[in-house]
Amino acid sequence: MRRGVPKLYKDGTENLSGLQNAVLRNLLACKQLWEITRTSFGPNGMNKLIINHIDKVFVTNDSATIMNEMEIQHPAAKMIVLAAKMQEQEIGDGSNYVVCLAGALLSKAEALVKMGLHPYEIVNGYQIAGKKAAELLETLVVETIEEKDVRTKAALIKCMYSAISSKQYGKQDALCNLVAEACLVALPDNIYNFNVDNVRVAKLMGGNISLSHTVKGMVIQRSPKGAIQCVKEAKIGIFTCSIQCSDTETKGTALIHNAKELENFNLSEEKQISSTLLAIKESGVNVIVTGGTVDDLAIHFLEKYGLMCLKLTSKFELRRLCRAVGARALVSLGPVSKEHQGSCDRVYVKEYGLKKVTIFEQADNNDTQIATVVLRASTKNLLNDLEKAVDDGVNCIKAVCKHKCGKFLAGAGACDIELARLLKDFGAKSTGLEQYAIKKFAEALEVVPMTLAENAGLKTNNIISQLYAAHENGMSRVGVDIESENLGIKEKNEQLKGVRPQRKQKSQANIGVGDCGILDLYVTREQAMKLALDVTLTILRVDQVVKAKRAGGPKMPKQGHWDDTD
């Protein structure tokens, strides 16, 4: 028996411990993830070109899509990805802010660790700063939308304007109008029950954003069976079964001796399907939607009796259509009673480019809660980005409806600078080693205005110093002007329709900041700060990494690189 401590792990196990091997390595991996996503932050964020494991190409600046497709393997960096995904699920927006703030907090923590502070002291200071920041954030609310005002188009646009601008800068006005129109249709009597699934998106290639529009109802990207292309005052019967001759329950063989018997056999099938479709027609239905197959014989009799027929392959789409027209899906073919029929003002086929779609459109006075935003663009990547922007806008409306009140903070980094300024004052009054961590927490909050200025090509240090000067003078709504071209500060009480401030006289200092008309949702910022702080504290508490040997045999070598043939 060997002397000393016996071997603890299996062969091949990797054990990293201590400051240099565990803590600083984790911080380095998280900083790399932060550096990747921060250049995509804000309206001027750059795109990333990602090729996933099945060679599908993504060109996007949406951080949620970037992190989903990058397949992050490092366990510490993966924690930040999970926090960003949770932000996306809870609020629907602000995932990049979670990554940026967590990355900045960990970067500042690295400087403190190298300075000699113990991770526990940093964690303690960050906890104090996080608690104080949550208290101060409530005092920085600049505007509020009450529940009674949520049903106006202007209020809905205000809720989502900042979120959509950060995704599609320059197209935000058109997209906000489309999303607001759709959300007004989908808002229930109790706004707390607002369902984001009731706002659908139909992506159609060709054209541009100016051709996009909102439909009160559903748009199905399929054309109907047969030649009937339009039905007004439609009565809709929805079936989950196939429209064809019924099969026998057991297998059997029909012995036919001559041509007359074959003709009679076919006639019996025709008679059966004809009588079934005639009974459906007589029950008042003039549009049939099915989730099964439709055979040629059935199409013949559908044309004969003037019935429009549409086949849907998705059961989820079938359920949404039931909700849109007020129908109930039936499992067997037959007459449809009045209470099971759906109604629609018009069902018609429209062609977009080379694509035919079927539109179930409701009248303006019809009480339906499903709307569809038809998006037009020239490429698939652009359509996907537009869809993501619409999704973020709808989720912002959901966040406001869930809290039955919309609280707003000054955007464009104004809230972050004000919070950082207040936290620095708080840190200066604190005693003990925690004051260093509190001050670094305040410095980490500068990441938003710093990144906005950086991505806009402005001089970062000048912008940050001038922002602090403006906020010290009481102008708490002054933020980064991304369109700055030697423009000055707006006065505190002046109204601003956009983000560009007016020109000042030459004697005044020219800086790239303005009194912002951009607003951020309070609930988005509050949730993002909590998640970023939680994941930061979790990573800082790790002092040892034990990695077991990977299961399985040797891995196959990669067959070249995707870029080698260019």
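The values are calculated or read from the model by the stated rules, or taken from the named source; none is laboratory data. Given the structure is predicted, the values throughout are model-derived calculations rather than measurements. All Cβ positions, even for glycine, are placed from backbone atoms using ideal geometry, and neighbour counts span all protein chains on display.
Being over 19 Å from A389 (Cβ atoms), in contact (Cβ under 8 Å) with a residue 12 or more places away in the chain and not polar (S, T, N, Q) holds for only one residue in A84, A76, and it is A76.
Here the condition is being of a type in the set (K, R), free of Cβ contacts under 8 Å to residues at least 24 places away in the same chain and assigned by TED's automatic domain parsing to the domain that holds I518; of K440, K424, it holds for K424 alone. K78 passes every criterion in (1) assigned to a helix (DSSP H, G or I); (2) modelled with pLDDT under 75 apart from (2). With the structure loaded, tell me whether E69 is in the same structural domain as M475 (by TED's automatic domain parsing) and within 30 Å of I209 (Cα to Cα) or whether it fails that test. The answer is yes for E69. Any idea how many residues of the stretch 22-59 are assigned to a loop (DSSP other than H, G, I, E, B) and touching an Asp or Glu at 6+ places or on another chain (Cβ under 6 Å)? Qualifying residue count for the region: 1.
Comparison of K398, K350 shows that the only residue that is touching a helix residue (DSSP H, G or I) at 6+ places or on another chain (Cβ under 9 Å), outside any loop (DSSP other than H, G, I, E, B) and on the phi < 0 side of the Ramachandran plot is K398.
Residue count for the stretch 146-168, restricted to those that are over 17 Å from the mean Cα position of the chain (by Cα) and farther than 20 Å from I209 by Cβ: 10. Being closer than 20 Å to L277 by Cβ and crowded, with 19+ Cβ neighbours inside 10 Å is the requirement here; does I220 meet it? It is false that I220 is closer than 20 Å to L277 by Cβ and crowded, with 19+ Cβ neighbours inside 10 Å.
Flag: A363 does not match the condition of being at pLDDT 80 or above and touching a Leu at 6+ places or on another chain (Cβ under 9 Å).
Here's a check for you: in the stretch 426-442, which residue that is of a type in the set (K, R) and under 13 Å from Y126 (Cα atoms) is surrounded by the most Cβ atoms within 10 Å (Cβ to Cβ)? Don't jump to the end; show me each part of the working.
Of all residues in the stretch 426-442, those of a type in the set (K, R) come to 429, 439-440.
If we keep only those that are under 13 Å from Y126 (Cα atoms) as well, we get 439-440.
Numbers: K439: 21, K440: 25.
Checked the stretch 426-442; the qualifying residue surrounded by the most Cβ atoms within 10 Å (Cβ to Cβ) is K440.
Within the stretch 319-339, the set of residues being in a helix (DSSP H, G or I) and either surrounded by fewer than 18 Cβ atoms within 10 Å (Cβ to Cβ) or of a type in the set (D, E, K, R) (or both) comprises R319, R320, C322, R323, K338, E339. A residue that is of a type in the set (V, I, T), within 18 Å of A420 (Cβ to Cβ) and surrounded by 19 or more Cβ atoms within 10 Å (Cβ to Cβ) occurs nowhere in the stretch 72-81.
I need the full set of residues from the stretch 360-395 which are part of a loop (DSSP other than H, G, I, E, B) and of a type in the set (S, T, N, Q), in order please.
Across the stretch 360-395, the qualifying residues are Q362, N365, N366, T368, Q369, S378, T379.
Scanning the stretch 84-107 for residues that are surrounded by fewer than 21 Cβ atoms within 10 Å (Cβ to Cβ) and either touching a Lys or Arg at 6+ places or on another chain (Cβ under 8 Å) or outside any helix (DSSP H, G or I) (or both) yields a single hit, S107.
Taking R376 as meeting all but one of (1) farther than 15 Å from I91 by Cβ; (2) crowded, with 19+ Cβ neighbours inside 10 Å; (3) out of contact with any Gly (no Cβ under 6 Å at 6 or more places or on another chain); (4) not aliphatic (A, V, I, L, M), write down the number of the exception. Status for R376: all satisfied but (3).
Residues in the stretch 186-208 that are crowded, with 17+ Cβ neighbours inside 10 Å, touching a Leu at 6+ places or on another chain (Cβ under 8 Å) and aliphatic (A, V, I, L, M): V201, A202, L204. The condition (being modelled with pLDDT under 80 and closer than 29 Å to S166 by Cβ) is satisfied by just one residue among E88, E69: E69.
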